[in-house]
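Here, each number is a calculation from the coordinates, and none is a lab measurement. Bear in mind that the values here come from a model prediction, so they are computed numbers and not experimental data. No Cβ is skipped: glycine too gets one built from the backbone with ideal geometry, and neighbour counts run over all protein chains shown.
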Amino acid sequence: MKRTKEQVRISMKFQICLLSLLFAAGMLQAQDIPLSMEIMADMPTSEAFRQRKTVRDFRDEPLAFEELGGLLWAANGYNRPEENKRTAPSARNAQEIDIYVFTEEGVYIYMPKKHMLTQIVKGDYRRIISEQKHFAVAPVSLVLVANYENMKNFDEESKVFYSTMDCGYVSENIYLYCAASSRLGTVACGGINRDDIAKIIHLKNGKVLLAHPIGVVDERANNNRELQNPVKTKQQVTPMLNQKR
Ligand SMILES: Cc1cc2nc3c(=O)[nH]c(=O)nc-3n(C[C@H](O)[C@H](O)[C@H](O)COP(=O)(O)O)c2cc1C
């Protein structure tokens with residue numbers, strides 16, 4: 001559902017007041033960042049399937065704060081919290097796929113129950129993910145990680161087998177959200193530095209699986225896809241994360 005600029009402004013004021021209250025009440029840590037639930041991708045599903053594709057060329061432009069919240073929710077958020085179920089299916093509902101968010105400012109983990117980011121480490125680690133050129137340009141990269149702590153009742157082979165499959169659903173959700181946004185692009189990347197990433201995120205029991213650089217499609221390089229839906233808000237991911245800390 002799209003909102004007017006005025007509605008977005010009022011909503012931001014409300015969010016800032018709410019944040020101040022939550023910090024004051026000790027319910028949030030300084031490194032916690034609540035995300036927007038704005039879904040900025042509302043084209044018909046049939047059109048999103050038509051538009052779904054790999055994009056490797058991004059503009060030097062940040063994502064809007066609302067885009068990141070909508071993207072993470074679509075990727076693997078709770079769509080049926082009362083049933084403990086999410087937008088992506090998982091074998092035995094293990095829900096083992098965690099999403100780490102790499103930005104210029106730091107590395108965060110997506111906390112889907114609270115729909116917020118929690119900071120893991122400060123600093124720009126985007127280029128560590130992979131030497132592939134798209135990671136140097138994309139403002140945000142999502143890294144999908146199997147958390148084996150949620151798979152204690154799986155044998156070792158099944159942990160790898162099922163988490164790899166479950167990761168594929170999250171990856172496709174990311175692709176479809178980008179397609180439906182008419183603005184964002186992404187590429188699933190298996191050619192990544194898994195050991196280095198595991199160290200950065202302090203992974204103890206799990207496996208780094210796949211990464212998705214996300215950016216605004218560079219239509220000069222991807223000229224077969226027109227930008228139809230430029231984002232109107234000026235709120236961008238990096239300044240927003242700065243403000244909220
Ligand atoms: C599991 C997986 C791993 C991939 N790894 C890479 C990668 O490391 N680098 C890359 O540029 N593309 C990668 N791709 C993207 C594929 O090359 C791309 O999906 C394929 O060429 C089909 O294009 P399409 O997605 O536009 O249909 C990967 C795709 C998948 C599904």
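The table that follows gives values for the structure above.
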item: Cα convex hull of the range 31-244 - mean projected area over all directions, nm²; result: 11.4 nm²
item: Isotropically averaged projected area of the range 63-123, using the convex hull of Cα atoms (one quarter of hull area), nm²; result: 4.3 nm²
item: Mean Cβ count within 10 Å, highest first, over the residues of peptides 125-133, 149-157; result: 125-133, 149-157
item: Radius, Kirkwood style, for the range 143-190 when every pair of distinct Cα atoms is counted (Å); result: 12.1 Å
item: Fraction in percent of alpha-carbon pairs per bin - 5 Å, the range 63-173; result: 2, 12, 21, 22, 20, 14, 7, 2, 0
item: Residue-count net charge about Lys159 - beta-carbon cut-off 13 Å; Lys, Arg +1, Asp, Glu -1; result: -3
item: Amide H within-cut-off set for Ile120, under 5 Å, with H built and near neighbours excluded; result: Val107, Tyr108, Ile109
item: Formal net charge of residues neighbouring Asn79 (Cβ-Cβ distance under 13 Å; K, R +1; D, E -1); result: +2
item: Around Asp124: net Lys/Arg minus Asp/Glu count, Cβ-Cβ under 13 Å; result: +1
